[in-house]
Amino acid sequence: MKNLKQIVFIGILLVFGISLTSFGQKSKPWDVPANFKTMSNPVKSDDASLLAGKDLFNKTCAACHGRTGLGDGPKSKGLKTPVASFLTAECQKQTDGELFYKSKTGRGDMPKYEGKIDDTGLWQTVNYIRSLKK
Ligand code: HEC
């Protein structure tokens with residue numbers, strides 16, 4: 001009886017462990033509060049803003065997201081969460097406010113940039129992410 005309990009326990013641990021690792025393969029939905037979703041981008045996407053965004057992006061984000069936004073930066077390899085590409089329709093269909101919120105708050109391996117990059121800088125980075133798509 002005692003053995004059976006141990007086997008069941010180990011079995012549960014195994015199933016749990018396997019599902020945890022496979023969940024890590026694709027990213028979970030990331031809910032953005034409604035007020036952020038509909039937030040309009042206060043920073044115009046002009047040459048100056050794109051240049052500032054590019055500078056911030058290459059200095060801060062490219063290590064994981066890759067210089068072209070593919071998610072293949074040198075630091076992306078060691079992460080538990082995959083770094084999704086910014087170039088896909090799935091990413092680009094999000095509103096500016098959604099990209100802004102995710103950059104500001106982070107989650108898991110995605111750092112939180114609130115307090116590190118000001119809002120203007122984050123919107124400039126969002127504008128730059130938009131410009132990466134072909
Ligand atoms: C240490 C690695 C790392 C750095 C540096 C990093 N990110 Fe990320 N980023 C991630 C990971 C991992 C995810 C996926 C997170 C998830 O889905 O849980 C992500 C996701 C995102 C997303 C959401 C993408 C989507 O389609 O939902 C945005 C937007 C984003 N990052 C913006 C930025 C910006 C802007 C910077 C720089 C200011 C930055 N990231 C720097 C690792 C990083």
Next item on the list: Could you list all residues from the range 104-125 that are surrounded by 18 or more Cβ atoms within 10 Å (Cβ to Cβ), over 12 Å from residue 53 (Cβ atoms) and among the hydroxyl-bearing types (Ser, Thr, Tyr)?
Entry: 113
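It is to be established whether one or more residues within the range 13-21 are more than 12 Å from the ligand (Cβ to nearest atom) and at pLDDT 95 or above.
Pass one, the range 13-21, residues more than 12 Å from the ligand (Cβ to nearest atom): 13-21.
Okay, now just the ones that are also at pLDDT 95 or above, so none.
Within the range 13-21 (the criterion being more than 12 Å from the ligand (Cβ to nearest atom) and at pLDDT 95 or above), the answer is no, since none of the residues qualifies.
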Next item on the list: Only residues in the range 77-101 that are more than 14 Å from residue 62 (Cα to Cα) and β-branched (Val, Ile, Thr) count as the first member; pair them with residues that are within 9 Å of the ligand (Cβ to nearest atom) and assigned to a loop (DSSP other than H, G, I, E, B), Cβ under 6 angstrom, at least 6 apart or cross-chain, and list the lot.
Entry: 81/108; 81/109
Check: For the range 49-103, which residues satisfy the criterion of being of a type outside the set (Val, Ile, Thr), surrounded by 20 or more Cβ atoms within 10 Å (Cβ to Cβ), near the ligand (Cβ under 8 Å from one of its atoms) and part of a loop (DSSP other than H, G, I, E, B)?
Finding: 86
Next item on the list: Just give me the residues in the range 112-131 being more than 16 Å from residue 58 (Cβ to Cβ) and either within 7 Å of the ligand (Cβ to nearest atom) or polar (S, T, N, Q) (or both), in sequence order.
Entry: 120
Notebook entry, point to check: Among the residues of the range 117-129, is any closer than 19 Å to residue 39 by Cβ, part of a loop (DSSP other than H, G, I, E, B) and without any contact (Cβ under 8 Å) to a residue 12 or more places away in the chain?
Noted result: yes
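The values are calculated or read from the model by the stated rules, or taken from the named source; none is laboratory data. Keep in mind it's a predicted model, so treat the numbers as computed, not measured. Methodologically, a virtual Cβ is constructed for each residue, glycine included, from the backbone with ideal geometry; neighbour enumeration extends over all protein chains shown.
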